[in-house]
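The numbers here are math on the coordinates, done by the rules we state, and not lab data. Nothing here was measured: the structure is a model prediction, and the numbers come from that model. In this analysis, Cβ positions are derived from the backbone assuming ideal geometry, glycine residues included, and neighbour counts consider all displayed protein chains.
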Amino acid sequence: MIRPNDLSGRIKEIDAKQVALLRGRQVSELQPAELLQYSDLADARLLLATQQLKSALDQNLLRWILEEALPTLVEIAPVVLPILL
């Protein structure tokens, strides 16, 4: 399994493999087998980029909960809890 910290490096590896596969050509100039390889690399890159985005959102959400939401809840709990109970 790829850890969130490894995602950027893996994406760069895929980009390098795509550039090497193209060898200065346009995608439209690739042979069918090369086009399949290029497409597979693009699919893998998309999956990794999606995972990278998800990881960033998860980290931001966790940071927000810990730094913003929980302190606010702790602060207002003594006022809100008696009202709810």
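Okay, helix-only estimate at 222 nm for the chain: each DSSP H run of n ≥ 4 adds -39500 (n - 2.57), divide by all residues, round to 500 deg cm²/dmol; what do you get? Walk me through the numbers on the way to the answer.
On the way: 3 runs with 64 residues, N = 85.
Calculated from helices alone, the mean residue ellipticity at 222 nm is -26000 deg cm²/dmol.
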Of the candidates 46, 59, 71, the farthest towards the positive dipole end of the chain (Lys/Arg Cβ +1, Asp/Glu Cβ -1, centred on the Cα centre) is 46
Taking 0.36 nm per residue of separation between residue 84 and residue 70 and subtracting their Cα-Cα distance, the length gained on full extension comes to 3.2 nm
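Can you give the charge dipole size of the chain about its Cα centre, rounded to the nearest 20 debye, using +1 on the beta carbon of Lys and Arg and -1 on the beta carbon of Asp and Glu?
Numbers: 9 positive and 11 negative charges, 55 e Å.
The dipole of the chain has a size of about 260 debye.
Using alpha-carbon pairs under 8 Å, 6+ residues apart, how would you state the relative contact order of the chain in percent?
Details: 24 pairs, mean separation 32.0, N = 85.
Contact order relative to length: 38 percent.
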Surrounding charge for residue 31, neighbours by C-beta under 12 angstrom, Lys/Arg +1, Asp/Glu -1, total 0
